[in-house]
Amino acid sequence: MDDLLSEFLTETNESLDVVDVELVKFEQEPNNAKILDNIFRLVHTIKGTCGFLGLPRLEALAHAAETLMGKFRDGAPVTQEAVSLILISIDRIKEILADLETAGGAEPEGSDDDLISELERLSLSARTGAEAEAEAEAAAGPDVTTGALVEQVLERPLRPGEVSLDDLERAFREAECEVELPVEAATNAPAAEAQEDAPPPLTVKAGAARKATAEPKGPEKAEKENKSGSSVSSQSIRVAVETLEHLMTMVSELVLTRNQLLEIVRRHEDSEFKVPLQRLSNVTAELQEGVMKTRMQPIGNAWQKLPRIVRDLSQELDKPIELEMVGAETELDRQVLELIKDPLTHMIRNSADHGLEMPSDRRAVGKPEKGTITLSAYHEGGHIIIEVKDDGRGIDVERVKSKVLERGLASEAELEKMTDQQIHKFIFHAGFSTATNVTSVSGRGVGMDVVRNNVELIGGSIDLRSTAGQGSSFIIKIPLTLAIVSALIVEAGGDRYAIPQLSVVELVRVQNNSEHRIERIKDTPVLRLRNKLLPLVHMSYLLGADETDVNSELESDTGFIVVMQVGNQTFGVVVDGVFHTEEIVVKPMSSMLRNLTMFSGNTILGDGAVIMIIDPNGVASAMASHASSVVAEGERKGVEEAIAAAIDGQSSVSMLLFRAGSSEPKAVPLSLVTRLEEFEVSKIEHSNGRDLVQYRGALMPLVYIEPGQTRRSEGTQPMLVFSDAGRSMGLVVDEIVDIVEDRMNIEVGSDRAGILGSAVIKEKATEVIDLGYYLPQAFEDWFMRKEMDIAALTKKVLLVDDSAFFRNMLTPVLKAAGYDVTACQSAQQAFELLENGDTFHAIVSDIEMPDINGFEFCEALRRDPRFRKLPVLALSAVVSPASIERGRQAGFDDYVAKFDRPGLIASLKDMFSGELGIAA
Amino acid sequence: MSSNDNLATGAEDSIQYVTVVIGGQLFGLPISQVHDVFVPDSVTRVPLAAPEVAGVLNLRGRIVTAIDMRKRLHLPDRDENAQVMAVGIEHKGESYGLVIDTVGEVLRLSMDSHEPNPSNLDKRWAEISGGVHRLDGKLMIILDIKRLFGAMVEPMAAA
């Protein structure tokens, strides 16, 4: 392809993008002659150039479009239909251009008669509407334009930031073409800003001021601008992106070499190199900054296609949408810019399709019919923050939940305990889309996970805030550049590693006897940091060192903790030493090592050694599998562990051991505990005869295990928090001892209120507390709330379980849900009750029982015509497909894991809602 | 000057090999693939990597991934103080260093002495060997770089 043609393609593509944006604007303010003139001129230039280069097809199409626009200029009314048609024509031109590029200069076969005739039809009808005088002028339009334009061009020449010497322009001049090229009035700034799109040559701008919305200027002023503008444009040149990339690489190398030199000089105290090296260092830094600047582009470049997309979406979806863009001038590295383009487009589509409601719905809730999507960008630290916000309906938590369940991403029990925020996060999971209908716009299930991946790929993070009914906003945080990052050099297991500073929140020095020491819950190390527990992991452990070694290292408990934040996850990585920070150039690892998720690359340090760069995302995901973030997910894990343990070894349970009041250890099943908290003693308030603390915006009553129990007088007070349906109770304990997994066997029953009995746990007699006794102490109506609906109250449920512990644990749970519960300890006893004429609406039965097991019990029930339709629910520690199948054959209506309390309640509810008639 | 021509054209009937010794066995690498020979120094360990990855090192400003050929060939580790050498090669634009025991001479061998892998050769060796040359009193195994990396990179990428 010859230079002239490639230049033409680049330029025309740019012009067309501008036309796109301008047309959308024009549609909104049809009376703005400035915009129209600008569009007209651009299309005219394209037409002219096509004629010059001998591209008849393009020329004909551009000509027809120009004619129609000429009508607008002469005062014909601007209709949406006409604008759409012009946009379609522009798209067609783009297609032809694309073919032209691949074909190397030959126009593709095909006809545009359909578009042309349509354009002409509209032109004609527009003419009939126009005044006679204008009509005459317009009729002559196409022929006259060339002449007329000569005057106009002076007012509205081309964009700034282009080289006046470029081939095409010269060609034009030589051909005595009318277009006086290079300059452009500042009024075109918004368009100009959006210019340097995909095609490779990059315009380096001489810092011309750009504004997102330029104020319209008077003609004289515009003319003045032209004159000054010409000098601006001659100050900027086009440079191939490749050249810049190469420059960047070289500067990176220079930085490395400088670092090496600095390292050498550091070792020689009075070196004569010191001063010149200092200077070299400064120059290098400046050079680096300068080169970085050449790579910087306003983010508006990535936004330029959005107004058009939003306009089209608005029509397609039949929703009026306003797109607001703030901070388009914010600059970032072009490499990052390229990578962020697609995710942004996707998010805008998402907001328009899922986020914004239909106009009628909006009116119904008192919002303006027109939905607004706000796109804003600003700098913060070494990051750029991009926010996509809509004022739509927000994320429907319930819908996400049901989708999560449907996809099996989490169990109902897990969901129950998650905050809305955590649930929102699920939309970033692969293949997750809440749109019920798959539209051409979105809902195809590739969505936010792709966005998240793209953002994370460039070391960014994405966050989401959503308020039901008020809209949602996505916040993307990305580094300004990828090429050079500041890193913290640490040591672990005898090797050095670089951790990108961006993800490091702080450093904590740990010492055995200092305020910051490593504590353990079970074997999981944690750190108390400003009243929060921070999950810890030793770097060597992450890097595959032997666990016992690491543990002994942790025993010594001296070292540093690098507190890292990745997304919303905060954790501490224990390292043996911290050296300094250094600017490093990330170099990709060889393909042999690329499968290691723990590293993002490697680099050469100042001392010449190669160092591996830790990938914070890799660490975060490793954290999730290696260690357990005890506090935040303690409870969820508890349930999982309990279930896992139950499956492994019958009724072995995770128990939380603690001391309260007396020196004997006490225990409570971990699965019942919502959270372990510590409160400053000073935060404990006394009101209305009881102790309270403010907890998550509400008052939480504190309950003492024993009447004589005293709480601490200073420092912090540990407590177990139990939550249910939005209420919380704090059980004051003296000390949390351990978490153990053990078979739970209550050997000695208790008459004392609040104690179920004593069991041997960890070879020690331990009192197992009865939560059912304490909960009502916090809220008398604990068991008589919300979940208790009237229908349920009348339901009598028979609970059959041979284990006193589970009878005692489940009875309050079922009562809390509003059922009238009768518990018995064997199938035999159950039969007796049934034979005595006691009626029950449902039976919940254990499977593993002596004498008659659950399966046999159920089979026996089913043989009796009276109980054939009685809902029977199996409750078992062993949940496997085989046992579930066995249960189904025995005639159970449902099969629930013993520790799945919400599952049990839900199952009962289902049973009653589905079979009310039968059961009653 | 026929030998030079052969070198340039990668002659069909004879190839020049750089010979190296790994665990007492003589191996040969086609000279066209060998970029340099160096003493691996201050190698940075890469945790979690495959056992044969000795680490990464800085070779004149380039980061080179060092591969311990003894481990690759499932040979016993060398003594701690034993001298090692490395052969620098390129594979798909990336630099690698094959850590070997010693470097020998450059041999020009004609295809006459070339033989395919004996069928009873250890599978793990056969996997990376491009055949055997019969030399006076000993055998030289041809290290096939492509197969060496093919066998290493792919299963790892899959893992």
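The values are calculated or read from the model by the stated rules, or taken from the named source; none is laboratory data. The structure presented is a predicted model; accordingly, all values stated were derived computationally and were not measured. Every residue, glycine among them, receives a Cβ derived from its backbone with ideal geometry; neighbour counts consider all protein chains shown. Side chains included, ligands, DNA and RNA excluded: accessible areas come from the protein's heavy atoms. Shrake-Rupley method; radii C 1.70, N 1.55, O 1.52, S 1.80 Å.
Just list whichever of A:Lys274/A:Lys587; A:Lys401/A:Lys425; A:Lys587/B:Lys92 have alpha carbons separated by over 19 Å in the model shown.
A:Lys274/A:Lys587
In the structure shown, the pairs A:Lys341/A:Lys477; A:Lys34/A:Lys367; A:Lys815/A:Lys898 are assessed against 22 Å; a Cα-Cα span above that value is assigned to A:Lys34/A:Lys367.
Centroid-to-centroid, using Cα positions, the stretch A:238-307 and the stretch A:861-902 are 70 Å apart. Residue ranges A:25-38, A:107-120 sort as A:25-38, A:107-120 when ordered by packing (mean number of other C-beta atoms within 10 Å per residue, highest first). Pairing chain A with chain B buries about 1800 Å² of accessible area. This figure sums both sides and uses a 1.4 Å probe. Take every Cα pair under 8 Å whose residues are at least 6 apart in sequence, average their separation, divide by the length of the stretch A:294-355, and the relative contact order is 50 percent. Tally up the carbon and sulfur contribution to the accessible surface of the stretch B:14-158 as a whole percent, 1.4 Å probe, everything protein left in place. Of the solvent-accessible surface of the stretch B:14-158, carbon and sulfur hold 51 percent. Both numbers refer to the Cα atoms of the stretch A:29-122; Rg and Dmax are 13.4, 41 Å. Projecting the Cα atoms of A:Leu457, A:Ser376, A:Val365 onto the dipole axis of the stretch A:300-479, where Lys and Arg carry +1 and Asp and Glu carry -1 at the beta carbon, places A:Val365 farthest toward the positive end.
Over the stretch A:300-479, what percent of the accessible surface lies on carbon and sulfur atoms, probe 1.4 Å? Each step should come with its number before you reach the end.
Working: 3680 of 7740 Å².
Here carbon and sulfur together make up 48 percent of the probe-accessible area.
In straight-distance terms, cross-link reach from A:Lys522 covers every one of the lysines whose alpha-carbon lies under 21 Å from its own, apart from those fewer than eight places away in the same chain; here that gives A:Lys532, A:Lys637, A:Lys666, A:Lys762, A:Lys764.
If packing is taken as the average number of other Cβ atoms within 10 Å across a peptide's residues, how do A:460-470, A:327-337 rank, most packed first? Spell out each step's value before the answer.
Working: A:460-470: 17.4, A:327-337: 20.0.
Ranked by mean Cβ neighbours within 10 Å, highest first: A:327-337, A:460-470.
Partners of B:Lys138 within straight-line reach, counting lysines whose Cα lies under 21 Å from its Cα and excluding those fewer than 8 residues away in the same chain: B:Lys123. When GluC sites (Glu not before Pro) are flagged only if DSSP places them in a loop and at most 15 other Cβ atoms lie within 10 Å, the longest unflagged stretch of chain B comes out as B:81-159. For the peptide B:56-63, the mean number of other protein chain Cβ atoms found within 10 angstrom of a residue's Cβ is 6. The share of C-alpha pairs in the stretch B:14-158 whose separation exceeds 18 Å stands at 55 percent. Each Cα pair under 8 Å and six or more residues apart adds its sequence gap; the mean of these over the residue count of chain B is a relative contact order of 24 percent. Per-residue mean of foreign Cβ neighbours for B:42-54 is 6 (Cβ atoms of other chains, 10 Å radius). Seen from every direction in turn and averaged, the convex hull around the alpha carbons of the stretch A:300-479 projects onto 10.2 nm².
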